[in-house]
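First up is the structure itself, then whatever we jot down about it.
The values are calculated or read from the model by the stated rules, or taken from the named source; none is laboratory data. Note that the structure is predicted; figures quoted are calculated from it, not measured. No Cβ is skipped: glycine too gets one built from the backbone with ideal geometry, and neighbour counts run over all protein chains shown. To get the accessible areas, we keep the full protein, side chains included, count just its heavy atoms, and leave off ligands, DNA and RNA. Shrake-Rupley method; radii C 1.70, N 1.55, O 1.52, S 1.80 Å.
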Amino acid sequence: MKNSSEVKDWEKEKLNPNGWLPSRPSQQFNVIRRVYQQDALNKDADYQVPEKPLGYRCKKVLKSCGFGDCLLNSIPIARWLPKYNLRQNLVGDLVAGATTAVMHIPQGMAYALLAEVPPIVGLYMAFFPVLVYVIFGTSPHVSMGTFAVACLMAGKVVTQYSHPEFANTVNATNLTIDPGIAASQYTPVQVLSIVSLSVGFFQILMWILRLGAVSTLLSEPLVSGFTTAASFHVLASQLKDLFGVRIRKVGPNYKVVLTVIEIIKNIANLNWAAFVISAITCTIIALNNELLKPWVSKRSRVPVPIELLAIVIGTLVSRYASLKEQFGITLVGHIPTGLPEPEVPPVELFTSIALDAFTITMVTYTISMSMALIFASKEKYEIDANQELLAIGASNVFGSFFCCAPLCASLSRSYIQYQAGSKTAITSVVSAMLILCVLLWIGPFFEQLPRSVLASIIVVSLKGMFMQVKELRKFWRLSKLDAVVWLVTFLTTVIIDIDIGLAAGLLASVATLFCRSQKPYTCLLGRVLNTDLYLDTKRYRAAEEIPGIKIFHYCGGLNFATKNLFRSTLFRKIGYLKPTELVQDEDNLTKSESYEWDPNIGRKVHCVIIDATALSYVDGPGIKSLVAAQRELASNSITVLLAGANGPVLEMIERYNSLETEQLQLDTFPTVHDAVVYYKILIARQDEPAITVAS
């Protein structure tokens, strides 16, 4: 206990700039307590096993099953809308909503082409599902709607299950279909709608099962490599419109490579008018993004709507210069006015497209959650991962009846929306209302728009995804295994196909987890003089091993997959396995290539303390390996102690002992120092009772 003057001096004392240690190293603090065994500590600290998580959740649900609580939890708009502050938020929401709507128009029309459906579908996506997301969503800053990767993945399914003759139609009710093929063929919009319905179904099912954390299965290297590779698929799909050439349909696998080959074969049939339009459009948009946009952003939060200007100017030029008649330019074509009639998707296709739909489910949810968490971190609010599943799932289900593609957040639109001053989800309502005006009155204006302009908008927007290639260097420097995941995902996706690439990335991620579990951090600990600190003897020169005592530190889980590794590493570290062949590694450090049993180990080591402070989990086979190791060491008169094990590990050992005949009989201690002092006192009492052992 320090007196008041010492406390004042301590408060005035400056911290060491190299760390948190006080600048006066001579000042010491002594902590005196009894040496604890784990059972004694449990008794003194009144240890009890906590309630089971499942029972706790059930009780929590029963306590909060009232209608009001359910409404507030499942419909967030009921919580924030009554508190909406018009004076503080309305202006920002109006400006951000108008800005986002301006971006929705060109991006929606362009990305709809990736889904192999008419451009008007992209505008439907900016209206119908967005309104549902406002009701159920928890992120006010993400801009939901079309996204290149999601539309491309949906387009792959559309191409596989739809008939190309119906590619420019929106409602199947307006078609004259040959009765011979009507029973077995579907329009692209019909296939897209069942894809969206299936994705929504999976997301709502995941919400019911509370699987919001499942997105963590898609690691950052996997998502980065996958989206980077997907951008090459997007680019390849737009080459025919950029160059104005017609190519044959390529197979589902090796699409990027085969498309490039087809383009090269047909380059002699290049439409120079389309190529010039594409080059001019790409150049202007790129110059705006690189030069004008940074300059404008410093002076105004509303960016230059360069994509909207591009489609307006492109439409006017096409209309008055008769580009289709003069040069054979491919145009967008018929754009209907008004809202589409709701139509039930062809549910009989569900079993055929279920696997593809689940893949899209995982990708769209992961990307949307990642973007939502970015803005939540900036603005210091919480995102409910499970509620987002309900929000996106309900949006997809509702949008599927209006021929919408699977919903996803867009990074570019979300960033612009946030930068423009968005405060709440009213931003999305404003944007949707402006899109409604386009759907009701302005849509037919864009019928004369060249498809090469939309292709140019798509290609330029891919720059951010292409630049993710730079992240490979970061992953390589942080972890070679993460870089391998990135490379496997990227190369497989680019060379073969999107869904196969995602599956390969998942397998690579699981493999890296297994590799890491097979190489846990292990070391021998030594005591720093006159302290109770025990540190890695290879990394801390001041840490010295205690004669006759080996302290083995193990970091990770001890289970069926690592039990043999744990046992062999333990024996090797403590010297039970002695090296028979020594070699020099690159750093001129001696290491062993092979080992044999040391029959004299009992003369060198009298006690082995297993430091379990970093032991995260143990299962039955893992405990069996501990039992085997203890018995083998005990046969050589070596005492084994367990220190620092957490509550769940100790409870697992207790359950194991209650079920098995071969029990794990170890003295357990809360810290390594307790185990060391206990053993020293035990030896002192046996051999030299008169000696006093200091801790």
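Some observations on this one:
- Computed with a 1.4 Å probe on the full set of protein chains, the accessible area for Cys403 sits at about 10 Å².
- Cα lying deepest toward the dipole's positive end in the chain, options Ile313, Leu472, Ile267, charges on Cβ: Ile313
- Comparing Ile601, Ser456, Met153 along the charge dipole axis of the chain, the residue lying farthest to the positive side is Ser456, per the Cβ-charge model.
- Over 26 Å (Cα to Cα) - which of Lys43/Lys563; Lys538/Lys563; Lys156/Lys378; Lys43/Lys538; Lys156/Lys293; Lys470/Lys538 fall in this group: Lys43/Lys563; Lys156/Lys378; Lys43/Lys538; Lys156/Lys293; Lys470/Lys538
- The magnitude of the dipole of the chain, with charges of +1 and -1 set on the Cβ of Lys/Arg and Asp/Glu and taken from the Cα centre, is near 1400 debye.
- Overall, segment 210-357 carries a charge dipole of about 440 debye about its Cα centre when +1 sits on the Cβ of Lys and Arg and -1 on the Cβ of Asp and Glu, all other atoms neutral.
- These residues, Glu545, Glu348, Glu388, Glu307, go from largest to smallest accessible area, 1.4 Å probe, as Glu348, Glu545, Glu307, Glu388.
- Taking 17 Å as the cut-off, no amide N atom of segment 618-658 comes nearer than this to a point 7 Å along the Cα-to-beta-carbon line of Glu596.
- For the chain, the C-alpha radius of gyration sits at 1.24 times the compact-globule guess of 2.2 N^0.38 Å, with N the residue count.
- Gap separating the Cα centres of segment 470-498 and segment 242-269, nearest whole Å: 26 Å
- Full extension of the chain between Leu90 and Gln48 yields a length gain of 9.9 nm, computed as 0.36 nm times the residue separation minus the alpha carbon distance.
- When you restrict to C-alpha pairs under 8 Å that are six or more residues apart and normalise by the size of the chain, the relative contact order lands at 19 percent.
- Two-site FRET efficiency, Val429 against Ala279, from Cβ-Cβ distance with R₀ of 45 Å, rounded to 0.05: 0.70
- The residue among Pro129, Cys282, Phe552 whose Cα reaches farthest toward the positive pole of the charge dipole of the chain, with charges on the beta-carbon of Lys, Arg, Asp and Glu, is Cys282.
- The figure for Asp241 is an accessible area of roughly 20 square angstrom, using a 1.4 Å probe on the protein chains alone.
- Count Lys and Arg as plus one, Asp and Glu as minus one, and take only other residues whose Cβ is under 12 Å from that of Leu113; the net charge is then 0.
- Accessible-area value, Phe358, 1.4 Å probe, nucleic acids and ligands omitted, Å²: 90 Å²
- The simple spin-label model puts a point 7 Å past each Cα toward its Cβ; for Asn636 and Asp532 those points are separated by 3.1 nm.
- Counting only DSSP beta bridges whose two residues both lie in the chain, roughly 55 percent are antiparallel.
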